[in-house]
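Down below is the structure, laid out as structure tokens.
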Amino acid sequence: MIFASANRHKLREMRELLPGVALEGLPEGVELPPEEGEGFAQIALEKARVAHAATGEAALADDSGIGADALGGRPGIHSSRYGGEGASDEENLDKLLREVTAAGGGRGAHYTCALALVEADGTERVFEARCEGHLIERPRGEGGFGYDPAFVPDATGPDDERTMSELSQAEKNEISHRGLAARELAEHLGAGTAPARR
């Protein structure tokens, strides 16, 4: 199956989440459509359609991002380029934290992931999941990517203030938006997922 993303972090994470599925990276020369649309599901589906059309193989695509309550759900579908075209993860995160602090009104946030599957016969399905949490003022942790260093998930419990970047990869896979969506996908495929933490 082709994973329609140029993001090597996402490819590595999806391979860990779906050990029963042979995921290949996007072939060179295949250009994905701009990440514009009504929402994560539509954008993911467009990417999967392009990868399927270019290769003839089953294709999987992810679109995901973070939404801050104080910003009305922004950056949402614009998460990967919130700091401007070509912005680094650090620049995107810095902008988000500045704006959330300036807005006041709480630091609640959520990650959303939509996984779109276009099967070899053209059948289309989307699996979507959310991870609720809050944003801290200063990033912490060495793991993860994107907004993980400032996002504390609710799912680890009210007394656990670790960010996504401070969790082990196994812990993150168990509770993350991408992990939850991947489990729904794996159930549909009848494939294995990464073992849950105990």
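The values are calculated or read from the model by the stated rules, or taken from the named source; none is laboratory data. Nothing here was measured: the structure is a model prediction, and the numbers come from that model. Quick reminder, even Gly has a Cβ in these numbers, built from the backbone with ideal geometry, and neighbours come from all protein chains shown.
Worth pointing out:
- Test: residue in segment 178-192 that is touching a residue at least 12 places away in the same chain (Cβ under 8 Å), in a loop (DSSP other than H, G, I, E, B), over 15 Å from residue 17 (Cα atoms) and not aliphatic (A, V, I, L, M): no
- Considering the conditions (1) at pLDDT below 95; (2) buried (at least 16 other Cβ atoms within 10 Å of the Cβ), residue 88 is excluded by exactly one of them, (2).
- Segment 109-139, subset within 24 Å of residue 81 (Cβ to Cβ) and more than 18 Å from the chain's Cα centre (by Cα), residue surrounded by the fewest Cβ atoms within 10 Å (Cβ to Cβ): 138
- Checked against the criterion of being under 21 Å from residue 180 (Cβ atoms) and either among the hydroxyl-bearing types (Ser, Thr, Tyr) or out of contact with any Leu (no Cβ under 9 Å at 6 or more places or on another chain) (or both), the candidates 128, 132 yield just one match: 132.
- Qualifying residues in segment 71-84 (those that are of a type in the set (Gly, Ala, Ser) and either in contact with a helix residue (DSSP H, G or I) (Cβ under 6 Å, 6 or more places away or on another chain) or on the phi > 0 side of the Ramachandran plot (or both)) - the one surrounded by the most Cβ atoms within 10 Å (Cβ to Cβ): 83
- Here the condition is being in contact with a helix residue (DSSP H, G or I) (Cβ under 7 Å, 6 or more places away or on another chain) and in contact (Cβ under 8 Å) with a residue 60 or more places away in the chain; of 68, 61, 87, it holds for 68 alone.
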